[in-house]
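First the structure, in the form of C-alpha cells, and then the observations on it.
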4 protein chains.
Amino acid sequence: MIRVGIVGASGYTGGDLLRFLLDHPGVEIAAITSESFAGKFAYQVHPHLRGRTTLKFIGQAALEPVDVLFLALPHGEAQKQIARYAGLAERIIDLSADFRLRDPAVYQQTYGEPHAAPDWLERFVYGLPELNRDALRGAQYASGVGCNATAVTLALYAAHRAQLIPASAPLVADVKVGSSEAGRSPSDSSHHPARAGVVRPFAMTGHRHEAEVRQSLGGVNIRMAVTSVELVRGAAAAVYVDLPGVAEKDLWAAYRSAWGADQPFVRVVHDKTGFHRHPEPRLLAGTNYADVGWELDPENGRAALLCAIDNLGKGAAGSAVQCMNLMCGFDETTALGFGGVYP
Amino acid sequence: MIRVGIVGASGYTGGDLLRFLLDHPGVEIAAITSESFAGKFAYQVHPHLRGRTTLKFIGQAALEPVDVLFLALPHGEAQKQIARYAGLAERIIDLSADFRLRDPAVYQQTYGEPHAAPDWLERFVYGLPELNRDALRGAQYASGVGCNATAVTLALYAAHRAQLIPASAPLVADVKVGSSEAGRSPSDSSHHPARAGVVRPFAMTGHRHEAEVRQSLGGVNIRMAVTSVELVRGAAAAVYVDLPGVAEKDLWAAYRSAWGADQPFVRVVHDKTGFHRHPEPRLLAGTNYADVGWELDPENGRAALLCAIDNLGKGAAGSAVQCMNLMCGFDETTALGFGGVYP
Amino acid sequence: MIRVGIVGASGYTGGDLLRFLLDHPGVEIAAITSESFAGKFAYQVHPHLRGRTTLKFIGQAALEPVDVLFLALPHGEAQKQIARYAGLAERIIDLSADFRLRDPAVYQQTYGEPHAAPDWLERFVYGLPELNRDALRGAQYASGVGCNATAVTLALYAAHRAQLIPASAPLVADVKVGSSEAGRSPSDSSHHPARAGVVRPFAMTGHRHEAEVRQSLGGVNIRMAVTSVELVRGAAAAVYVDLPGVAEKDLWAAYRSAWGADQPFVRVVHDKTGFHRHPEPRLLAGTNYADVGWELDPENGRAALLCAIDNLGKGAAGSAVQCMNLMCGFDETTALGFGGVYP
Amino acid sequence: MIRVGIVGASGYTGGDLLRFLLDHPGVEIAAITSESFAGKFAYQVHPHLRGRTTLKFIGQAALEPVDVLFLALPHGEAQKQIARYAGLAERIIDLSADFRLRDPAVYQQTYGEPHAAPDWLERFVYGLPELNRDALRGAQYASGVGCNATAVTLALYAAHRAQLIPASAPLVADVKVGSSEAGRSPSDSSHHPARAGVVRPFAMTGHRHEAEVRQSLGGVNIRMAVTSVELVRGAAAAVYVDLPGVAEKDLWAAYRSAWGADQPFVRVVHDKTGFHRHPEPRLLAGTNYADVGWELDPENGRAALLCAIDNLGKGAAGSAVQCMNLMCGFDETTALGFGGVYP
C-alpha cells in the first residue's frame, strides 16, 4: 500500500486523479490540497465523488511526506518549488507543462520565460507510457502530457515508427477539443451561452504542444491547430500528410506492430463500413484509452492519421496514473479499466 | 422617426433590443450605455451585430434626452434613479423586475426589500401586450416582463379567461429554461463544462415570478418550479391542472377566442399527430412569438397547459419592442417579424 | 461461474448489460442474440465494447441452455415465448414491460391488450432491488423496471415510507428524459437535426409507467408527464406535492431511514449551497446509481421530491444486473461500481 | 410580382427557401411540390412556417408554369428531367449538384456516372454570387452551391485573388459540419443518441466538393476533409497553407479588396482580441452571411484561412435566393436581411 498526495486537487485533472485512484487497490490517498477549498469535502468540488470518499482538502502548508506526489498545479507553479516537493515524496508526477520538455532552451522558446529549475528537466521522464514505458518503470520523476500533444503524437506514432512518413513532410494537425481543456475557472469564453454549439478557432497557426510532439517523434515538421467544438471531454486529432506509395496493408502492418497487446490502452479503429469506423472522442469520455486509425486514398497518396482521447483521461490524469503504476511496480492497467459508455 | 436610448445595453437583453431596433424603420438608436464597455463598438460585445451598426457604448453620464428610453439594468437599479431617467425621456420601458408589480407590499414580499420608488409603481403598465394591449397604447411607462412569468401566464391565459379552470385549483407549473436566463456574467454554475447537458433543479418550490402571474391572472393558485436544461435560449412552461368536465372542444374554443388574429405573436400549436404537435422553444429562438397549446385527458380530467417562448424575445426584448410600438403608435409588429429557423 | 445469455442484445439496454457483465468476475457470457446482426461482432453494434470482447451475435434459434437469461426484447415479445425461455434457463430477468405488473387486468388497461401469459405474472418479482431486495434474493424470475417509473418511485419512496405524504394527495411528477429512452431505431423524431436542443412535451397527461409506481407504492395518486430534453442518457423526476406541517428534519429523518448503508446505489443529495445541491442525471451517466433529494418550503408546505438516474443504468440494465447478483448470491454491487465522471 | 415554384420542397433546403421567399415582397410562391407530403400543409413538415403560410404541397405532376423554378431534389434527379422543367419556367435555379460543374468529364469523375444532360451544363451559371455576380444578372439558369465548397472557396477567395497563395501550394481544408448537411431522412448515423456530441471523421482524404473549388478558383491544389461535430446548422472551413513572406497588412489589403461594400453578405472577422475574433458558424445560423478571416504567423509563414457559413443559408437556400434576386433584377439583398442571433 503506497501513500499518495495530490497538490492542487480541486481542478478537473485533480478530480480525475481522485476518481482513478479511489479505485486503486494499492493506493491510499493520504492528502489532497487546495488553497481555495481547504476544509471542504472533496465531493463538494467534485460532485461525482459524492459517497465515494470523505477526504477533505487541506492547504499545502499542512502537507506531510507521502510515497508519491501528484502535482496538478497551474503551469509554472511546480517548477518554483520542485525541491520542496521532492523533499516530501520519493516519486513525483507533475501534470503541468513544467517538466515535459528536456531542453531548457526549447522550454523558454515555447513558454516565453526561462525555466525556474532547469537542472530538474533531465530528471523527469516524459509521462506518455505508450512511448516511454521502459523509462517509466521504476522512475522517480515523470511529467504529465499535453492533451493535444498526446492526441497528435499517438495519431502519428505508428506511421512514423514504421518510417512511412517522408522526412520533413509537413504534418498538418487539426485538433478539435472540448471545453474542459480550459480548466475549471469560469471566463467569458467558457460561459455556457457563449460556448455552447461553437466551432471556434482557438490556435490556428501553432500551439505550444508542438514542442512535445517534436521531442517525442524526433523533429517531425508538425503544425498544430486547435479548434473548440461542442464537447466537454475529448480531443480528436486529424493529421493530414501525403504518403506517396503507401498502401493500406503498409499502414495495417505499421499499426499492428505499434499497437499490439503490449499497448493495453490503444485501440486501432479502422473499419471498412459503419459510422463508428474511425476514432471518436465521445466514446472515450472518462477512459484512459486512445483510439487510433487512419484514412488513406492510395490513388493520390493522401492520408489522414487519426487519434481520439479524453483530454482529462489519456491526455492527463489517466496517463499520470498509468505512469504511477509503472513507477511503483503495479500492473500498468490497475484502476484504469473503465472503457466508456455508449450511447 | 423617434430617438431611443438603451441604458445597460451590454447584456443579453440589450443585445436583443439592439437586434430588433436596428431593423425598425421608425427608430433611430441615439445612444447605448455601458459603464464597462464605454468606448467600445456594440459588435465587440454583441457579435451578431457585426456589420450592422457602428454604434459605440457611452457611459450613463453622457446620456442625453431621447424620446424613448429602454432600461436594461440589473434588478434594483432602475428604481433608484427613475426620476432621473424620466427627466431624460418622455417614455420609458424598464426591462428589469423593478416596475412589474403594482403593489409595493407585494414587491417587498417578493424581492425582500422595500421598493425605492413606490409612487412610481402605479404609473407603469405591465408590459405584456397580449394582456395589456389597450393600456399600453400611448402609455408613458411600461415595465418589462419576467421570462418565466410570461411563459406561465400565456400557458394559462386562454383557459383562465374562458373560466375553464376551477377557482383555487392548484396550478403546478414546471418551467424548463436555457442558460441565457442567467445573464451574461460567467459563474461557476454557468461554466460550460459544468452547465452542458444538465437537468438541474433551480427553484423548485416557488419562484419570484409567481407574483407576476398572480397579478396578471387575478390571484390564481400558482406554484412555479424552474429547471435548467441544455439550451441557450428558451423557456417552456407546462402547467398541470385538473379540468374536470372539460372537453377538447372547450379548450379549442377558449384558445381560438383568446388567440385570434388580433394576437399576432401567439400561435396555437395543438396537432393530433406529428412530433412537433406541441409548443417547443427551440423553434422560437430569436423570435417574439409564443406558442401555446395543451394536452387533455378527458377521461380523468387531467390537463397540461403549455407555452414555449424565447426568454430573450417574447420573454424580454421582443415584448419590450412590441410595447414601444404600441406606446408610440407604430404597427405593433414592426421589427418583430422574424419567425425562427428550422432545423 | 454462471453462464448467462442475452436475448435481444443489440439494443441499448443489451449494450449496457454487456458493459456491466463483461466486468463481472462470476459471470461468463455464453451467448448474445440478435436476429438482425447475427454473425457480427458485438463491438460492431456497440462501439464501446471494441477491444473488450470478441463475442458475436447469434440467432435465437441457436440459443442453448444457460444459467441466467436476460431478455431485452421489444415490449410484448417475451410474454409470447416465456415458456420456451424458461426451458432454457433456471433464472430469467426480463427487461421489457411484459412482467412488471402483477395484475393481468392492470396490464391490459395499461398496455391495451390482454397479457399472453397471465399465469406467469405472479412468478416474477418486480426488479427494483431498492424496494424488493429480499424477494429478489434467490428468486427465479425478475422483471426489469420502467426507467421513468424508477425515477418517480425512488423520488417518492422515502417520504412515502415515512408516511409524510397525505393519503390521496395528488403527486404531479414531471420527468425530463434523454433520447436513449426511445431505443436504437432511427425515426423522424430522433433525427439529430430535429431532436437536438429540444424541450419537447411527449406524454403530458399520463404515462404507462404510472401503473408501476402505483403498484410499488400502494396506490398513490400519481400523475406522470414526460418531456424530452437535450440529453442522451438520463431521466430526472420532480414530484410536486404539498406536505403541510412537514419540516426539513422530518424529511432528513425519512431519507436517512430509507437510504442507509444497506442501499448501496442510492445517494441523498441535498446540500444547502452549491450548484450541484440537487440530483442531476448527467453525473450519473453510465452508472447504476440513483440520486435522490428534495426541496421544501416549510412556510407554505410545498415540496418537490427529486430523483435522477441513468435510464439505461439504474433504469434498465444496471438494476437488472443488480437483480442477477441478488438472485444468484453474488455481492449485490458486483460489476456495478462505476460512479460516473465529471465534468 | 414574379411567380415561383419549388420542386422538392419538403427537405431542409426547401424549408429554408420557403422561409426566405415568404419574406420577399416581389415573389408569389405559386407551388411547392413533394411526392411524399402532397396534400399536407407546408407547416406540417416545416414547423417554423406555422402561421406564416397556408401553402400545401402538390405532386410534381400538377405543377404549372411559373416564372422561376427552384429545384431542390436529391442529387441526380434534376438532370433527368431538365428539359421538362425548362418548359415550365423561364428561369431555373437547381440546388442539387447536377449543374454545378461545367465539364462533363469532371462531373463523371466526381460523381461516378456520366451526366444525363451534358449539353445543359454550359447553360448554367455556378450560383455563388460572391464570385459570379455579373454572370448571374439576368441569367436564365443557375446552379446551387455545395455547402462545403462554399465555405472553402470563400475562405480562399481573397488571398487567392490577390495572388498571395503560391501556385500549386497544397491547401489543406478541414471543414467541420453540422447534422443538417445530411438532409432530413433519418439514419443510424443521424440518430440522436448516436450523433450527439460527436467529433466524427466523415470524408478525410477528399470530398466531392473539391471539384467545385477547383473550378471556381482555377485549379488550386485543394484537399478537403470533412468532420461532423455537434451542431445542427453550420459549416466552418480552416484552410492551412504556407504563405511565406506575406504580412498581416498584405492579407488585410487582400480581404478589404475582395470583400468591400459590393459584397453585402461577406464580413471580415479578424480581431486582435476577444473570443469572437474569428468566424464562427453558430453566429450565422439562419442567415445568408459568410464570415471570413485568417490567422497568420508571419515568422514562419503559416496561415489558416477561415470561413464560417450556415450550410442551409449561404451554403444552399440563401445563395439560391440571392441568385434569383440577381437573375430577376431585384435588389440582391431582398429577403435575406436576417443577421443571426446571439447568444
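The values are calculated or read from the model by the stated rules, or taken from the named source; none is laboratory data. Everything numeric here is computed off the predicted structure, so don't read it as measured data. All Cβ positions, glycine included, derive from the backbone under ideal geometry; neighbour counts span all protein chains shown.
The criterion of being charged (D, E, K, R), under 30 Å from A:Ala196 (Cα atoms), touching a residue at least 40 places away in the same chain (Cβ under 8 Å) and assigned to a helix (DSSP H, G or I) holds for D:Glu181. The number of residues in segment B:285-299 that are under 24 Å from B:Ala335 (Cβ atoms) and not in a strand (DSSP E or B) comes to 5. Of the strands (runs of 3 or more DSSP E) contained entirely in segment B:205-284, those carrying at least 1 residues that are within 12 Å of chain C (Cβ to nearest Cβ) fall at B:222-229, B:235-242.
Conditions tested, residue by residue: (1) aromatic (Phe, Trp, Tyr); (2) within 30 Å of C:Cys323 (Cβ to Cβ); (3) surrounded by fewer than 24 Cβ atoms within 10 Å (Cβ to Cβ).
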site	(1), (2), (3)
C:Ser257	no, yes, yes
C:Asp271	no, no, yes
C:Phe275	yes, no, yes
C:Glu280	no, yes, no
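Of the numbered criteria (1) under 22 Å from the mean Cα position of the chain (by Cα); (2) surrounded by fewer than 19 Cβ atoms within 10 Å (Cβ to Cβ), the one B:Asp94 fails is (2). One residue is enough: does segment C:132-146 have a residue meeting the conditions surrounded by fewer than 19 Cβ atoms within 10 Å (Cβ to Cβ), outside any strand (DSSP E or B), modelled with pLDDT under 95 and not polar (S, T, N, Q)? Within segment C:132-146, one or more residues are surrounded by fewer than 19 Cβ atoms within 10 Å (Cβ to Cβ), outside any strand (DSSP E or B), modelled with pLDDT under 95 and not polar (S, T, N, Q). From the list A:Val175, A:Val145, the one residue that fits, being within 14 Å of chain D (Cβ to nearest Cβ) and of a type in the set (Val, Ile, Thr), is A:Val175.
When we screen D:His209, D:His270 for residues that are out of contact with any Asp or Glu (no Cβ under 9 Å at 6 or more places or on another chain) and of a type outside the set (A, V, I, L, M, F, W, C), the only hit is D:His209. The single condition from (1) more than 14 Å from chain A (Cβ to nearest Cβ); (2) surrounded by fewer than 24 Cβ atoms within 10 Å (Cβ to Cβ) that B:Ala155 fails is (2). Could you tell me which residue of segment B:10-50 is surrounded by the most Cβ atoms within 10 Å (Cβ to Cβ), considering only residues that are within 13 Å of chain D (Cβ to nearest Cβ), more than 20 Å from B:Ser143 (Cα to Cα) and charged (D, E, K, R)? Per the stated criteria, the residue is B:Arg50.
Among the residues making up segment C:51-63, those that are more than 12 Å from every other protein chain (Cβ to nearest Cβ) and without any contact (Cβ under 8 Å) to a residue 40 or more places away in the chain are C:Thr54, C:Leu55, C:Lys56, C:Ile58, C:Gly59, C:Ala61, C:Ala62.
Looking across segment D:233-263, the residues that are β-branched (Val, Ile, Thr) and within 25 Å of A:Ala237 (Cβ to Cβ) come down to D:Val239, D:Val241.
Only one of the listed residues (A:Val269, A:Val246, A:Val226, A:Val241) is modelled with pLDDT of 95 or more and under 26 Å from C:Phe37 (Cβ atoms). That residue is A:Val269.
With the condition kept exactly as written, say whether any residue in segment D:209-232 is surrounded by fewer than 19 Cβ atoms within 10 Å (Cβ to Cβ), farther than 25 Å from D:Asp331 by Cα and charged (D, E, K, R). Yes, some residue in segment D:209-232 is surrounded by fewer than 19 Cβ atoms within 10 Å (Cβ to Cβ), farther than 25 Å from D:Asp331 by Cα and charged (D, E, K, R).
Looking at A:Ala42, A:Ala105, A:Ala83, just one residue is free of Cβ contacts under 8 Å to residues at least 60 places away in the same chain and under 21 Å from C:Arg277 (Cα atoms), and that residue is A:Ala42.
Per the conditions (1) within 21 Å of C:His207 (Cα to Cα); (2) in contact (Cβ under 8 Å) with a residue 40 or more places away in the chain, the sole criterion not satisfied by C:Leu17 is (1).
Here is the figure for segment D:208-232: residues that are without any contact (Cβ under 8 Å) to a residue 60 or more places away in the chain and closer than 23 Å to A:Gly234 by Cβ total 7.
Scanning for something touching a residue at least 40 places away in the same chain (Cβ under 8 Å), under 30 Å from D:Gly197 (Cα atoms) and either within 14 Å of another protein chain (Cβ to nearest Cβ) or not charged (D, E, K, R) (or both), does segment C:130-142 turn up at least one residue? No, that holds for no residue. Which residues, counting only those in segment B:298-343, are within 13 Å of chain C (Cβ to nearest Cβ) and closer than 17 Å to B:Ala155 by Cα? Residues satisfying the conditions are B:Arg302, B:Ala303, B:Ala304, B:Leu305, B:Leu306, B:Cys307, B:Ala308, B:Ile309, B:Asp310, B:Asn311. Within segment A:251-262, residues that are farther than 20 Å from A:Val241 by Cα have Cβ atoms under 6 Å from residues that are modelled with pLDDT of 95 or more and not acidic (Asp, Glu) in these pairs: A:Trp259/A:Val266; A:Trp259/A:Val268, counting only partners at least 6 apart in sequence or on another chain.
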